Amino acid sequence: TGERRGQPTAAIVADYRRALAIDPRHAYTLNNLGILLARTNTAAHLQEAQALLKRALEVDGTDRLARKNNRLIRRQVNTRIPPHNNTLRCHTGIQTHVLTPMQVLGI
């Protein structure tokens with residue numbers, strides 16, 4: 001059923017992980033999974049989210065959204081204060097639960 005109060009469901013996270021298994025350098029997928037994990041605000045997920053968002057920026061250094069999300073996730077990791085859900089942005093302009101990871105990949 002998507003996200004509940006900003007928290008991703010296990011199924012959505014699993015879908016994004018499968019999409020990354022298909023294309024581990026897909027910047028939008030890296031970004032969107034990073035955002036989903038950051039929203040949980042747990043230490044382990046924040047570390048993984050930070051790594052994913054960094055990889056997204058490495059894949060496409062011209063991506064302004066990836067640069068912004070990298071700055072925001074560094075602040076979140078340092079303070080453990082979660083940003084408002086609308087601060088960290090997913091690619092596509094819509095929330096991740098509306099567009100499946102496979103649709104993001106164009107499959």
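What does the highest-first list of 49-60, 23-34 look like by mean Cβ count within 10 Å?
In decreasing order of mean packing, 49-60, 23-34 become 23-34, 49-60.
Multiply the residue gap between D23 and A10 by 0.36 nm, knock off their C-alpha separation, and tell me the result in nm, one decimal place. The partial results should precede the final answer.
Details: separation 13, 0.36 × 13 = 4.68 nm, distance 2.00 nm.
Here the answer is 2.7 nm.
Using protein chains only and a probe of 1.4 angstrom, how many square angstrom of I22 are accessible, to the nearest 10?
The accessible area of I22 comes to roughly 100 Å².
The values are calculated or read from the model by the stated rules, or taken from the named source; none is laboratory data. Quick caveat: nothing in here was measured; it's all calculated off a predicted structure. A quick note on method: Cβ atoms are made from the backbone with ideal geometry, for glycine too, and the neighbour counts reach across all protein chains shown. When the accessible area is computed, the model is the full protein with side chains, heavy atoms only, and any ligands, DNA or RNA have been set aside. Shrake-Rupley method; radii C 1.70, N 1.55, O 1.52, S 1.80 Å.
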